[in-house]
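Only one structure is covered here, and it is reproduced in the block below.
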Amino acid sequence: MTNISLEEMNAVGELLRSSAFDAFELEMEVTSDGEITAIALWTDCTMFDKVHSGGADQPSRRQMLSFLPKPLSVVEGSTVRLKGRYDASTGHFTFASSECSPNNSQTNSVVSMSVERWHFPMINDERRNSAYNRAIKVLRGQRVVDIGGGSGLLAMMAARAGAEQVVTVERVGDMAECASRVLEANGFGGKVSVVHGSSLNLKVPDLGFKEGLQPTVVLSEVLDDGLLGEGVIPTVAHARRELATLNALVIPAAAKVWAMVVNMPPQPEPIIMPSSSSPKDSPARRWAAYDTLRPPEVKKYTSVRLDRVKFMPLTEPFPVFGFDFDAPLDDPSSVADYCREQAVQVNSIAAGCANAVVFWFTLTLNRSGETDGLADICTYPAMTEKCGASGSSRCWNQALQFVKPTIVGGAGTTLTVPCAHSPTRMTFGDIMT
Ligand SMILES: C[S@@+](CC[C@H](N)C(=O)[O-])C[C@H]1O[C@@H](n2cnc3c(N)ncnc32)[C@H](O)[C@@H]1O
């Protein structure tokens, strides 16, 4: 472990030196044989003589990882020298061996602020990728439109499976360019074409399938932690109605949102708890005025890894809404403005203050093959079995929505949970006993 000092103060708190870290050198003792592939970083912040660490022993904090341009072999007991740079415009630290020339850093060319950071854990989620691959490997001879292509991963799976033609559509320019390069590098350049744009603005000829034909498969993965936030309902509805053949196969075919009523006590970041969700006598209530300043998305649901925060379940998981993305086109659920609301009744399993609903989803990818009735992916791994899924995935977080606190007297109390969804968002209302 080593320190990069961001600022230096003198004894009376005057700033002596700052930003000395735009280019710096590090010297570190190697503690075991191996390869250094990345540097982990976090910040310690000193306030009133107390150090607040953002390090790995703080479960609620996230750390940064900066990969080296190439792995560096090291031997225990030796000293490793690295050159570091900080780019204030992107907030990124990059490191390279002291022997590399500074312009050799390949990392600079691949960092783009327009690419959401979640692409990286998603691409590395082997369980998600394998489940998709199983659903895609039966697409021999099909014409596939892959909506929201990202790096082109699913499109390559389709091409590898022997699809007749694959077109991947990506609305973020840097991502579309990245997909073209990834496809080229993997030998799929001539087999998969990339269309840069939102699928919602496209018509059949824009896809460029041979002879202007329509795709026979609508493939997508435009799912956020709360299922609907990335627009899967309008996106799939549009693709089925405006782009694809009448009976096109839809992957994913279906999803189900699952929820659990919980008590979420006040705790440090990453949870931003509205004061109105704290018990009446809680000191947090004194910050009520602050709630009005919160961005609207925080007032609705936020993202959380439930295995990293404290909470007490007050119910078992219960299904909230099922979504059939492949429903017949005359079914109301197949339109872009699909909304529903209902009150779900569920029994409590413990006493406590119900102040939040956590939710996640299961995903059924391809219904055309043999099915065992189980969903393919559950986005809350601990609940895979309870939610009737055969596998799980870790790249999605769970969603958390705070509600007005309600005291639940004990196990067996019937709770009424108002649930609703718009085309792009799940919401839960205040719980009644
Ligand atoms: C969750 S990522 C999935 C990437 C890739 N398909 C994969 O599974 O690895 C979703 C991608 O879809 C893109 N996207 C979402 N909706 C889109 C739309 N309607 N048209 C084109 N791109 C879209 C986003 O920019 C993002 O890159």
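Does region 131-144 hold any residues that are assigned to a loop (DSSP other than H, G, I, E, B) and either within 17 Å of the chain's Cα centre (by Cα) or farther than 21 Å from residue 391 by Cα (or both), and which are they? Hits for region 131-144 are 139, 140, 141, 142. When you check residue 25 against the structure, is it open to solvent by 60 Å² or more (accessible area, probe 1.4 Å), at pLDDT 85 or above and touching a strand residue (DSSP E or B) at 6+ places or on another chain (Cβ under 9 Å), yes or no? No.
For region 339-352, the criterion of a residue being within 27 Å of residue 236 (Cβ to Cβ), open to solvent by less than 40 Å² (accessible area, probe 1.4 Å), at pLDDT 95 or above and not assigned by TED's automatic domain parsing to the domain that holds residue 138 is satisfied by at least one position. Determine, yes or no, whether residue 259 is away from the ligand (no atom under 12 Å from the Cβ) and buried (at least 23 other Cβ atoms within 10 Å of the Cβ). Judged against the criteria, residue 259 is a match.
Just one residue in the set 353, 395, 419 is of a type outside the set (D, E, K, R) and not in a strand (DSSP E or B); that residue is 395. For region 361-399, the set of residues classified as open to solvent by 80 Å² or more (accessible area, probe 1.4 Å) and touching a Phe, Trp or Tyr at 6+ places or on another chain (Cβ under 9 Å) consists of 386 only.
Does region 107-117 contain any residue that is near the ligand (Cβ under 8 Å from one of its atoms), at pLDDT 90 or above and not hydrophobic (A, V, I, L, M, F, W, C)? Checking region 107-117: not a single residue is near the ligand (Cβ under 8 Å from one of its atoms), at pLDDT 90 or above and not hydrophobic (A, V, I, L, M, F, W, C).
Would it be correct to say that residue 213 is in contact with a Ser or Thr (Cβ under 7 Å, 6 or more places away or on another chain), open to solvent by 20 Å² or more (accessible area, probe 1.4 Å) and over 24 Å from residue 129 (Cα atoms)? Criteria not met by residue 213. Answer with yes or no whether residue 218 is open to solvent by less than 10 Å² (accessible area, probe 1.4 Å) and either modelled with pLDDT under 95 or closer than 20 Å to residue 429 by Cβ (or both). The answer is no for residue 218.
Selection of region 51-103 for residues being surrounded by fewer than 15 Cβ atoms within 10 Å (Cβ to Cβ), modelled with pLDDT under 75, within 30 Å of the chain's Cα centre (by Cα) and not small (Gly, Ala, Ser) yields 57, 58, 59, 62, 87, 90.
Taking helices (runs of 4 or more DSSP H) that do not extend beyond region 145-207, which have at least 1 residues that are among the hydrophobic types (A, V, I, L, M, F, W, C), touching a helix residue (DSSP H, G or I) at 6+ places or on another chain (Cβ under 6 Å) and within 12 Å of the ligand (Cβ to nearest atom)?
153-160
The values are calculated or read from the model by the stated rules, or taken from the named source; none is laboratory data. Since we're looking at a predicted model, the values are computed, not measured. Neighbour counts are summed over all protein chains in view; Cβ atoms, including those assigned to glycine, are modelled from backbone coordinates with ideal geometry. Note: accessible area is taken over every heavy atom of the protein model, side chains too, but ligands, DNA and RNA are not part of it. Shrake-Rupley method; radii C 1.70, N 1.55, O 1.52, S 1.80 Å.
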